[in-house]
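The values are calculated or read from the model by the stated rules, or taken from the named source; none is laboratory data. The shown structure was predicted, so the numbers you read here are calculated from the model rather than taken from an experiment. Backbone-built Cβ (ideal geometry, glycine too); neighbour counts: all protein chains shown.
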Amino acid sequence: MSQWLEYGIDPDGNLVSVERVRRGKTDLKCPYCQEGLTSKKGEIKAHHFAHTNATCRAVSAGRDVELPLFDRFNLHLTPKEYLALLQFEKKGADSKYRFILEAKDTIVYNPHKGSYGGWELTKLGKVVCRKLSMN
């Protein structure tokens, strides 16, 4: 389990690795609490982000904060795509993100769903949306 926060979220909602930014205060936010981050790039400890102000509960509790859940499955969903997947689970497919979510194997068109067919979550999509066990 990693104790280091290695990714922040930029103003456009994309994940950014600590390796892609300079040392010091950044315009990135914590993926868990949305607070500001400072890049720590010393020579002893691994490069990581620290909260500019108070540390959030997810980090201080020692949770696995290396990457948010939606990147654990090599999906590389941006936070906007992840939110679109959660929205899909509740309300159906948004045409803006449908192709991306289908390409990342989180949704699929089922011609047998309902009278005319429809979009539904794949098993991977259900895992990410916490609707299916990771087993």
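Worth a mention:
- The residues of the range 95-122 that are surrounded by 14 or more Cβ atoms within 10 Å (Cβ to Cβ) and either without any contact (Cβ under 8 Å) to a residue 12 or more places away in the chain or of a type in the set (D, E, K, R) (or both), listed by number, are ARG98, GLU102, LYS104, GLU120.
- Residue list for the range 105-129, restricted to those being hydrophobic (A, V, I, L, M, F, W, C), within 18 Å of the chain's Cα centre (by Cα) and modelled with pLDDT of 85 or more: ILE107, LEU121
- Residues located in the range 2-35, provided they are more than 28 Å from ALA84 (Cα to Cα) and touching a residue at least 24 places away in the same chain (Cβ under 8 Å): GLN3, LYS25
- Among the residues making up the range 2-29, those that are in contact with a Gly (Cβ under 8 Å, 6 or more places away or on another chain), surrounded by 14 or more Cβ atoms within 10 Å (Cβ to Cβ) and in a strand (DSSP E or B) are LEU15, VAL16, THR26, LEU28, LYS29.
- Subset tally (residues that are out of contact with any strand residue (DSSP E or B) (no Cβ under 7 Å at 6 or more places or on another chain), of a type in the set (Gly, Ala, Ser) and within 16 Å of VAL128 (Cα to Cα)) for the range 93-114: 1
- PHE70 being closer than 27 Å to LYS123 by Cβ, buried (at least 16 other Cβ atoms within 10 Å of the Cβ) and modelled with pLDDT of 85 or more: no
- The one condition in (1) surrounded by fewer than 14 Cβ atoms within 10 Å (Cβ to Cβ); (2) free of Cβ contacts under 8 Å to residues at least 24 places away in the same chain that THR38 fails to fulfil: (1)
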